[in-house]
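The values are calculated or read from the model by the stated rules, or taken from the named source; none is laboratory data. Just so we're clear, the structure is a prediction, and the values are computed from it rather than from any experiment. When we count neighbours, we look across all protein chains shown, and the Cβ atoms used for this are built from the backbone with ideal geometry, even at glycine. The protein model used for the area step is the full one, side chains on, heavy atoms only, and it has no ligands, DNA or RNA in it. Shrake-Rupley method; radii C 1.70, N 1.55, O 1.52, S 1.80 Å.
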Amino acid sequence: LLSRAASVPKGLSGPRKLLFIDAKKAHLNPPCEESVFIELPSEAGCESSQCGRLNFWLYGMRGAAAAWEKYYSSLLESVGFTRGVKCGVVFYHPIRDISLAVHGDDFTACAIESELLWLRDVMQSWFEIKVRALLGPAQSDYKEVVILGRRVSWGSDAIRYRADDRHRDLIIRFFGLADNS
């Protein structure tokens, strides 16, 4: 996606940009299509012989991540995205020329700005999202975002992708190393 954003598009109405979206409470969105029962907490005020059946998945449950992937994939496919054959978390919209990669609840897309804004609006209609950044060459665009422990920077000469300095600092502290280690 970074390489695609850095490439000069031919025949497009503007430069490609990068959109970073975080789906809030991702695993709570897909319905639980299995019969999953849980022990109810004491504050539910139920008898000990009673249990609850899940309508939606809870974080940390075995089927939650798979249900989330199935859920967002079906939504993306319903608006024209095709799913990657070799990698099921990569998508492409052939009509809108949007490339998209998903990592858990983080969505990264590459396209011209008008198409990215369309994607943002569609995703907002499906679930609660947080737009982390819209990186691009325009002065009004964001120039840097930290995503998945990496720092993505849009410069005048390149798009840079490197480890976030916070992780370096955490490792140095954890192992008791000096700052120049």
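Some points to look at:
- Looking at segment 69-181, the accessible area is 59 square angstrom per residue; that uses a 1.4 Å probe and ignores ligands, DNA and RNA.
- Backbone phi angles across segment 148-165, fed through the Karplus curve with coefficients 6.51, -1.76 and 1.60 (θ = phi - 60°), yield HN-Hα couplings of 6, x, 10, 9, 9, 10, 9, x, 5, 10, 6, 9, 10, 10, 8, 5, 6, 4 Hz in residue order; Gly and Pro are listed as x.
- Percent carbon-and-sulfur accessible area, the chain, ignoring ligands, DNA and RNA, probe 1.4 Å: 53 percent
- Rolling a 1.4 Å probe over the protein heavy atoms leaves Tyr59 with an accessible area of roughly 120 Å².
- Ratio of Rg to Rh for segment 30-136: 1.11 [Cα atoms; Kirkwood radius as inverse mean 1/r over pairs].
- Segment 35-95: translational diffusion in µm²/s, Stokes-Einstein, Kirkwood Rh over Cα pairs, 25 °C, 0.890 mPa s: 171 µm²/s
- Charge tally in the Cβ shell below 14 Å around Val90, where Lys, Arg are +1 and Asp, Glu are -1, Val90 excluded: 0
- Selection from Ser73, Trp57, Cys87, by position along the positive dipole direction of the chain (Cβ): Cys87
- Rounded to the nearest 20, the Cβ-based charge dipole of the chain about its Cα centre (Lys and Arg +1, Asp and Glu -1) stands at 680 debye.
- Shape analysis of segment 105-145 places it in the prolate category; the axes a ≥ b ≥ c from the Cα gyration tensor give an a/c of at least 1.5, with a/b above b/c.
- Kirkwood-based Rg to Rh ratio, the chain, C-alpha trace: 1.08
- Approximate shape of segment 119-166 as ellipsoid semi-axes (Cα gyration tensor, √5λ), whole Å, largest first: 23, 15, 7
- In this simple spin-label approximation, Leu2 and Ser153 carry label points 7 Å from Cα along the Cα→Cβ vector, and these lie 1.2 nm apart.
- A DSSP coil position with no more than 15 other Cβ atoms inside 10 Å describes the following GluC sites (Glu not before Pro) in segment 114-181: Glu128.
- Calculated from backbone phi, Karplus (6.51, -1.76, 1.60) coupling profile of segment 114-122 in Hz, x at Gly/Pro: 4, 6, 5, 5, 4, 4, 4, 5, 5
- Against the empirical 2.2 N^0.38 Å (N residues), segment 94-181 has a Cα radius of gyration ratio of 1.36.
- Nearest-20 debye value, segment 1-60 charge dipole, Cβ charges on Lys, Arg, Asp, Glu: 880 debye
- Rounded accessible area of Lys130 (nearest 10 Å², 1.4 Å probe): 100 Å²
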